[in-house]
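The values are calculated or read from the model by the stated rules, or taken from the named source; none is laboratory data. Here the structure is a predicted model, which means the values were calculated and not measured. Counting neighbours? That spans all protein chains shown, and the Cβs are built from the backbone with ideal geometry, glycine included. Side chains are part of the model used for accessible areas, which takes the heavy atoms of the whole protein and leaves out ligands, DNA and RNA. Shrake-Rupley method; radii C 1.70, N 1.55, O 1.52, S 1.80 Å.
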Amino acid sequence: MANYVLSVGMEVHAELLTESKMFCRCQVAFGGEPNSRVCPVCLGLPGALPVPNKHAIELVMKTALALNCTIARDSVFHRKNYFYPDLPKGYQISQYGETNPIGYHGWIDIPTEGGKTKRIKIARVHLEEDTGKLMHLPGGGSGVDLNRAGVPLMEIVTAFPPDIESPEEAKEYGERLRQLLVYLGVCDGKMEEGSMRAEPNPSVRPEGSETYGVKTELKNLGSFRSVFGGVEFERNRQIAVLEEGGEVYQETRGWNEDTQASYVMRVKESENDYRYFPCPDLMPMHFDDAMIERVRATIGELPIAKWQRYQSEFGLSEYDAGVLTAERPWAEFFEACVREGADPKAACNWMNSDFARLLNETGQSVVAHEGRTLSRVTPKHIAELTTLIANGTINGKIGKQVFGDMFESGHMPKAIVEAAGLTQVSDTGQVDTWAAEVCAENPDVIEKYRNGQTNVIGFLVGQLMKKSQGRANPQLAQEAIRKALGE
Amino acid sequence: MSISLDEVRHVAKLARLEMGEADLVALQSELNALLGHFQDINAIDVTGCQPKPHAVPRQNVWADDEPVFGLPREAALQNAAAAKAGLFLVPTIIED
C-alpha cells in the first residue's frame, strides 16, 4: 500500500456576541418562542432595507486582527443566491472575493508535540448572516423558525494549500480558534448550541504527489472530538477507496456520532451556482487607520502570549501556565491574585488544585455566568492565605483547612486563623514537650526504631502533628522527634 | 456575446421558473438584447476610472447594536401560506 498524505481545509462559522441581528435590530438570543424575534428585514418582506450592525463589523475586524490578517480598506457585502426554506430572501448576504472580506491572509500558531508550534494560514475572515432553523413536524411537513435568521455570522477559512495534515491538528486548530474567539469576547464558542460550527474538508494524495486529492466536505460536527473522528474516518475511507482503484467524489458528507461514520448527504442541485453580486441595498464600507487602530486597542493579551509570559515572568511550568490561561476569567483571577501580593507559584497551586476542585463540586465560578454562582473567594483571599503560609503564621496543612472554611464562609483567612486559633506553633519548648509525650505513649514504636526500623519516624511526626491539632511547625516537629529519639 | 438556449434554461431553473420551450426562446432573444446593451457600455473607454460598488457616493452606513422589538408573531405569520405552532409550514425537507 502506498503512503498517503492527508490535507485538511477548515471552515469555521461563529455567531457573534451582539445584542441585535446583522441587518436589522431584532434581538439575538438562544431559544425562546419560535418567530418571536423577527421583523420585515429578517423575514425578507418586500421593500425592507437592511442596515449593517456596526458592532458586528468591529468584532469581525477584531478577530481578523488577532488572526494576523490584512484588513481590507474597502469591503462590500454580496448576495449569495439559492433557494431553501430557512432562507427567506432567497439569498444570503455574505462577502465574496479574495481581498474583499474584512480580513484576509492571516495565520494562527497551534501547539504541536514537543512544545513546538505550527503556523496555520488563514485565507479570509468574513461577515455574513445566519439562516433560520428547520424542524421536522410529527405528521409531515417542516416548520421554519426565523429567530436565528439574520444573526451575525463570521466565517473563518484556512488557506489553500492546507497546512493541517492530521486529525490531531484539525482538532487542535478548532480548539485554539475557539479559545481565541471566547477570549476576544466575539463568540460564546458553544458548539452544542450551534453558535460555533466547524466544517473540515479532508483529502488524501499519495506521498510525493504534486496534485491534491478530491476533498469531501464534512458537516454536522457537534464537537472538536467529532472533528478528530470525522477527519480520521474520512482519511481512512478515502485511502480505502483509492486502494481499491475507486474514485473519491467531491460531496458533502454528514457525521453520525452514534456509528462514528460519515454518510453522503443529499446535495441540492447546482449548489455551487450562487451567482454572487454586490448587494445593492448596502453601501460599501471603507476602513481607515483610525477605525482599525481603535479596534486593535480592544484586543488585549492573547492566550498564547499569556501562556508564554506566565512561564517566563512567573517561572510556571508549561502545564500550569496552560491550565491558568485556558479561560480568560481564570487567567484574570490569577493575575489579580499576583497584583494583590500573592506569590505566583503559590497562587497557581491553590487555584489549580483546591480552588478548582471546590468550584467544580459546588457549581461555582470566578465569574457569575451560565447559571454558575460567583464564588466568595476573591484574589484578596488567595493573596492573604499565601502570605500567612509564606511568613510561617500557618502551615500548608492548616492552609487547606482555612481554604475550605473561606470557600464556605467568605471570611478572610487571617480572621479564620485568629478565630479558630490555628496559628502555627513554632515554640520549640512546646514542640519538644509534644515530642516527649508522643514517645512516651508509643513504647512499641520506639522499640521498632531501636531495632533499626527508622521509617517509623514518619508515624511519630504524624502523631505529634495530630496532638498539636495540625498547628505544629512541621519542620520543628520533625526535628523534635529526632531529638527525642537521641539522633 | 450571446446566451444559448441551454443557458436560459439553466438560469430559469435556478430562478425556479417553469417555462415552456416557446417562452424560453422568446426570453433568449430578450436577454441577448440586454447583453447587447452591456456590450455597448463595454465599448466606453473607462481608463483611469475606479470601479464603484454602488451608484450612490456614500459609505459606512451602519446602525448601533441596540435591539428593538420587531413584529408580533401573529403579524409575522399573517402572510404565511400555512403556519402551525408559531412556525411557518413548508413541505417536508429531508436533510440527509
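Using the Cβ-Cβ distance between B:Asp45 and B:Arg9 with R0 = 45 Å, the FRET efficiency computed as 1/(1 + (r/R0)^6) comes to roughly 0.80. Amide hydrogen proximity for B:Ala83: with H placed 1.01 Å from N in the peptide plane, the residues at 5 or more positions away or on another chain lying under 5 Å are B:Leu89. Stokes-Einstein diffusion for the stretch A:165-246 at 20 °C, viscosity 1.002 mPa s, with a Kirkwood radius from C-alpha pairs, works out to 155 µm²/s. Taking label points 7 Å from Cα along the Cα-to-Cβ direction, A:Arg339 and A:Glu210 give a separation of 5.8 nm. Shielding value for A:136-145 is 5, the average number of Cβ atoms from other chains within 10 Å of each residue's Cβ. A 1.4 Å probe over all protein chains sorts A:His13, A:His136, A:His369 by accessible area into A:His136, A:His369, A:His13, starting with the largest. Set the Förster distance to 22 Å, then compute FRET efficiency between A:Glu332 and A:Arg357 from the Cβ-Cβ distance, nearest 0.05. Efficiency, from the Cβ-Cβ distance: 0.65. Rounded to two decimals, the Cα-based Rg/Rh of the protein assembly as shown, with Kirkwood Rh, is 1.12. Residues of the stretch A:240-265 falling in the label zone of B:Thr92, defined by backbone nitrogen less than 20 Å from a point 7 Å along Cα to beta-carbon, are A:264-265. As an equivalent ellipsoid, the stretch A:338-476 spans semi-axes of 36, 16, 13 angstrom, where each value is the square root of five times an eigenvalue of the C-alpha gyration tensor, largest first.
Entry note: the stretch B:26-88 has Rg to Rh equal to 1.27, where both radii use alpha-carbon atoms and Rh is the Kirkwood radius. As a length-normalised measure over Cα pairs under 8 Å and 6 or more apart, the relative contact order of chain B settles at 18 percent. Charge dipole of chain B (Cα centre as origin; +1 on each Lys and Arg Cβ, -1 on each Asp and Glu Cβ, all else neutral): 180 debye, rounded to the nearest 20. Coupling constants for the stretch A:23-29 follow from the phi torsions by the Karplus curve (6.51 cos²θ - 1.76 cosθ + 1.60, θ = phi - 60°), and in residue order they are 10, 9, 9, 5, 5, 9, 7 Hz; glycine and proline get x.
Working from label points 7 Å from Cα in the Cα-to-Cβ sense, the B:Leu35 to A:Glu408 distance is 8.3 nm. A straight line joining the Cα centroids of the stretch B:62-96 and the stretch A:357-426 runs 51 Å.
Scanning residues 5 or more positions from A:Met22 or on other chains, those with amide H under 5 Å from its amide H are A:Val151, with H placed 1.01 Å from N in the peptide plane. The alpha carbon convex hull volume per residue for the stretch A:248-319 rounds to 285 Å³.
Put the Cα centre of the stretch A:427-472 next to the Cα centre of the stretch A:5-39 and the gap is 66 Å. Rounded to the nearest 20 debye, the dipole size of the stretch A:31-163 about its Cα centre is 200 debye, using +1 on the Cβ of Lys and Arg and -1 on the Cβ of Asp and Glu. Dipole orientation for chain B: of the candidates B:Ser2, B:His37, B:Pro57, B:Pro57 has the Cα lying most toward the positive pole (charges on Cβ; Lys, Arg +1; Asp, Glu -1).
Here the mean projected area of the convex hull built on the C-alpha positions of the stretch A:428-484 is 3.3 nm². Of the three principal axes defined by the Cα atoms of the stretch A:4-291, the extents in descending order read 56, 56, 32 Å. In terms of Cα atoms, the Rg and Dmax of the stretch A:301-420 work out to 14.0, 43 Å. Mind pulling the angle between the C-alpha long axis of helix A:167-184 and the longest principal axis of chain A? Nearest 10 degrees, somewhere in 0 to 90. Helix A:167-184 and the main axis of chain A meet at about 80 degrees. Per-atom-type breakdown for chain B gives carbon and sulfur 58% of the accessible area (1.4 Å probe, protein chains only). Simple rule: put +1 on each Lys or Arg Cβ and -1 on each Asp or Glu Cβ in the protein assembly as shown, find the dipole, and look at A:Pro379, A:Met10, B:Leu87; the Cα lying farthest toward the positive end is A:Pro379. Equivalent ellipsoid of the stretch A:156-204: semi-axes from √(5λ) of the C-alpha gyration tensor, largest first, are 21, 11, 10 Å. Residue-wise HN-Hα couplings along the stretch B:63-80, as the Karplus relation 6.51 cos²θ - 1.76 cosθ + 1.60 with θ = phi - 60° gives them from phi, are 10, 6, 7, 10, x, 9, 5, x, 10, x, 4, 4, 5, 4, 8, 4, 9, 5 Hz; Gly and Pro carry x.
Relative to the longest principal axis of chain A, what angle (0 to 90°, nearest 10) does the C-alpha long axis of helix A:474-484 take? Tilt relative to chain A: about 30 degrees.
Residues whose amide H lies under 5 Å from that of A:Glu11, counting only those 5 or more places away or on a different chain, are A:Glu199, A:Asn201; hydrogens are built 1.01 Å from N in the peptide plane. For the stretch A:82-91, 3J(HN,Hα) computed residue by residue from phi via the Karplus equation (6.51, -1.76, 1.60; θ = phi - 60°) reads 6, 9, 7, x, 8, 10, x, 7, x, 8 Hz, glycine and proline entered as x. Between the helical axis of B:5-14 and the dominant principal axis of chain B, each derived from Cα atoms, what acute angle in degrees is found, rounded to the nearest 10? Computed tilt is about 20 degrees. Taking 29 Å as the straight-line reach from the Cα of A:Lys380, the lysines in range (excluding those fewer than 8 positions away in the same chain) are A:Lys306, A:Lys345, A:Lys397, A:Lys400, A:Lys414. In the stretch A:54-152, which trypsin sites (Lys or Arg not before Pro) are in a loop and have at most 15 other Cβ atoms within 10 Å, using DSSP for the loop call? The qualifying sites are A:Arg73, A:Lys116. Based on C-alpha pairs under 8 angstrom that are at least 6 apart in sequence, chain A has a relative contact order of 13 percent. Here, P(r) means the percent of Cα pairs in each 10 Å bin from 0 to the largest distance; for the stretch A:76-220 it is 9, 31, 36, 18, 5, 0. About its Cα centre, the dipole of the protein assembly as shown is roughly 1100 debye, where the only charges are +1 on Lys and Arg Cβ and -1 on Asp and Glu Cβ.
In this entry, the stretch A:29-111 is assigned a mean projected area of 7.9 nm², taken as a quarter of its C-alpha convex hull surface. Placing unit charges on each Cβ (+1 for Lys and Arg, -1 for Asp and Glu) gives chain A a dipole about its Cα centre, and among A:Gly44, A:His78, A:His55 the Cα reaching farthest toward its positive end belongs to A:His55.
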